[in-house]
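Notes to accompany the following structure.
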Amino acid sequence: MILDRINNPGDIRNIPPEKYGELADDIRKCIIKNVAENGGHLSSSLGVVELTIALHLNFNIGKDKILWDVGHQSYAHKILTGRRDQFNTLRQEGGISGFPLMSESPYDDFGMGHASTALSAAIGYATARDLKGEDNYVVAVIGDGAATGGMVFEAINNIHKDSNLIIILNDNEMSISPNVGGMSNVLNNIRTGHKYTNLKYSIKDKLSRIPDGDRVISRIGRTKDSIKTLFVPGMLFEDMGLTYLGPVDGHDIDKMSKMLLIAKRVQGAVLLHIHTKKGKGYPLAEKHPSYFHGVAPFNIENGRPKEVSEGQTYSEVFSDKFINMAENDDKILGISAAMADGTGLKRFAKRFPDRFFDVGIAEEHAVTFAAGLAAGGFKPYVAIYSTFLQRAFDQILHDVCIQNLPVRFIIERGGIVGPDGITHQGIFDLSYMSIIPNMTIMAPMNGKELDEMLDYSRDYEGPIAIRIPKGTDTCIYEDAVKPIEYARSCVLRKGERVVLIGIGSGTAIADKIINILSEKGITAGLVNARFAKPIDKELIGKLSDEYDIIATVEENVLSGGFGEHVLSYVNDINPNVKVLNFALKDEFIPHGKCEQLLNEYGLNPSDIADKIIKTLG
């Protein structure tokens, strides 16, 4: 296997060009095998294998900086930078991350996990280089999806005209610009050829030395731009101050290498537009790139998951209920930020195409767009992963909550998400959402309660959020589910001396704790909070009169979370009652299996039971 000959960056230069195709095949086999075993991002990683090879051939990895936007397309880069032998630990606890991670390798130049960030970081790297007088190259690889993010355009607006920076636009969704054809191909070949590039800068240098030469250069430039506007597909980027090269076949290593050499000679910022195919090399992923974007372990032969969960996921419960609600209320709208499938909105989009809006990777816009819809008399539901909703904090506060607009937030993947790791754990939302005035936050303990919360949200006259965990409906205490009343909790079990209050997925953890206490002769009470904000002060007041210890359980960081709000209130009304807050540690949590991470980072039921017993004395 050719790949066996590459153990460190730079080894790739010892591979003869006629073997590059074989090398690409080896890398793809390695990716497919390990993603099938551990899960991960398959389609995007398979699509950039040749691009990764071309980058490693033409840049000094380690000195030159390669920044992979989002980062789930960096698998080949990891394999070629000394991590091939560890690639079987992909996304496993203690193994390598599914995203670039600076602490993992000196060849991961910037940590990525959220889209549209690479270009800003690359400009920072390039500016730091220039300030220090160094001479390395800086390359940002960004997908066409990530390029929809407003942060990309903010970054382009900030690019210094004379700072050398290479941007690779990996276009893997839409076909190459319709401005293709005979004329554009001719112009493109002329503009990207060695002779043209050398001639262009030679003429510019000579003209600048003659009297009035700058005015001649300016006139030639305006004439050239007028022609390019008609025929050259990259004029948009040229108008934004970038030198545009391409489009080029992103699976042709030779052509890309030639283009990269040209890009390295361009003075200033240059954008190289390449076209790739998602899932290339694995027919099932080529045919269904969205399905294989992020997958659980699967069988390579047929692409089917190795494990099929029993029961509905929370996303599926939401999807069913949301469609049912929309059938009876034409004011209901669905909004996604490029995650219709993951958030359960895909079926809604097919059923109500005119009432579904996918704004692309633009969470900030999604929220303010929803605010405008709400102000216009509609009932918008914004479904976004917890980790991505963080990006729209100001819009939630400023555009929604200050104006008290009835925008409904479906916070998907609230809590530990497992293998996606440190950049995707949804463990901060109860904290950052609960500090905003006018915001109401609910979290269901099971799918049936999620139904009730959605019903309640439909006619709620203010900002409201429903936090949904990842995974399958727990179905616990289904018989205890009642219609939602504002700021009212639900007592599930009576106890003596000790009562546990769970919020959302924390209720299932609290139930496990109670069962352990029961085995040790302690009968504890259990309350399902339902509302993270506002807390049920009336019930908490009664609990403080009836119990010696109140323990809160939440799948959120401790700081600013549900438990601290309960603690603050109890201290005000009855400081003699002991309040114990059980939550996730104040740390960034890496990748691993959900249960393992919960146990390790503060929510181990046995450990919590022991602490409660110790507190009881």
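Per-structure values
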read-out: Carbon and sulfur %, accessible surface of region 371-507 computed with the full protein complex present, 1.4 Å; value: 50 percent
read-out: Semi-axes of the equivalent ellipsoid for region 444-522, Cα gyration tensor, largest first, Å; value: 26, 14, 10
read-out: Calculated log₁₀ intensity ratio I(q)/I(0) where the Debye formula runs over C-alpha points of region 473-519, q = 0.14 Å⁻¹; value: -0.37
read-out: Within straight-line cross-link reach of LYS132, lysines at Cα separation under 16 Å, skipping those fewer than 8 residues along the same chain; value: LYS63, LYS65
read-out: Global size of region 280-404 as Cα Rg and Dmax, reported in angstrom; value: 16.8, 54
read-out: For region 467-617, average projected area of the Cα convex hull in nm²; value: 9.0 nm²
read-out: Taking only Cα atoms of region 9-89, radius of gyration then Dmax in Å; value: 12.1, 33
read-out: Environment charge at ALA508 (Cβ cut-off 11 Å; Lys +1, Arg +1, Asp -1, Glu -1); value: -2
read-out: Taking region 527-615 and dividing mean pair separation by its residue count, relative contact order in percent (alpha carbons under 8 Å, at least six apart); value: 25 percent
read-out: Positive minus negative residues near ASN7 (Lys, Arg vs Asp, Glu; Cβ under 14 Å); value: +1
read-out: Heavy-atom surface of the chain, accessible at 1.4 Å and reported per residue (Å²); value: 43 Å²
read-out: DSSP beta bridge pairing in the chain, given as percent antiparallel to the nearest 5; value: 15 percent
read-out: Region 495-517 versus region 365-400: alpha-carbon centroid distance in Å; value: 33 Å
read-out: Kirkwood Rh in Å, taken over all unlike Cα pairs in the chain; value: 26.7 Å
read-out: Angle in degrees between helix 537-546 and the longest Cα principal axis of the chain, rounded to the nearest 10; value: 50 degrees
read-out: Listed residue (LEU430, LEU260, CYS401) projecting farthest to the positive dipole end of the chain, Cβ model; value: LEU260
read-out: Cα-projected label distance for LYS29 with ASP239, points at 7 Å along beta-carbon direction, nm; value: 4.9 nm
read-out: Distribution of pairwise C-alpha distances over region 353-444, 10 Å bins, in %; value: 16, 51, 28, 5, 0
read-out: For the chain: relative contact order, % (alpha-carbon pairs under 8 angstrom, 6 or more apart); value: 11 percent
read-out: Sum of side-chain charges, VAL481 neighbourhood, beta-carbon under 14 Å (Lys, Arg +1; Asp, Glu -1); value: -3
read-out: The chain - mean residue ellipticity at 222 nm from DSSP helices (-39,500 (n - 2.57) per run, n ≥ 4, rounded to 500); value: -11500 deg cm²/dmol
read-out: Principal axis dimensions, region 29-151 - Cα atoms, whole angstrom, descending; value: 45, 31, 27
read-out: Förster radius 30 Å - calculated FRET efficiency between MET1 and HIS288, Cβ distance, rounded to 0.05; value: 0.60
read-out: Computed over region 401-457, Kirkwood Rh from alpha-carbon pairs, angstrom; value: 13.0 Å
read-out: Calculated over region 536-617: convex hull of Cα atoms, volume per residue (Å³); value: 94 Å³
read-out: Accessible-area order (highest first, 1.4 angstrom probe) of the listed residues ARG493, ARG355; value: ARG493, ARG355
read-out: Pairwise label distance in nanometres, TYR460 with LYS331, each label 7 Å out on the Cα-Cβ vector; value: 1.6 nm
read-out: Sequence-separation-based contact order of region 551-598, relative, with Cα cut under 8 Å and 6+ spacing, percent; value: 44 percent
read-out: FRET efficiency, ILE549 to CYS475 (Cβ-Cβ, R0 30 Å, nearest 0.05); value: 0.60
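The values are calculated or read from the model by the stated rules, or taken from the named source; none is laboratory data. Computed from a predicted structure; not experimentally measured. So basically every Cβ, Gly included, is an ideal-geometry build from the backbone, and we count neighbours across all protein chains shown. Areas reflect the complete protein model, heavy atoms only, side chains present, ligands, DNA and RNA absent. Shrake-Rupley method; radii C 1.70, N 1.55, O 1.52, S 1.80 Å.
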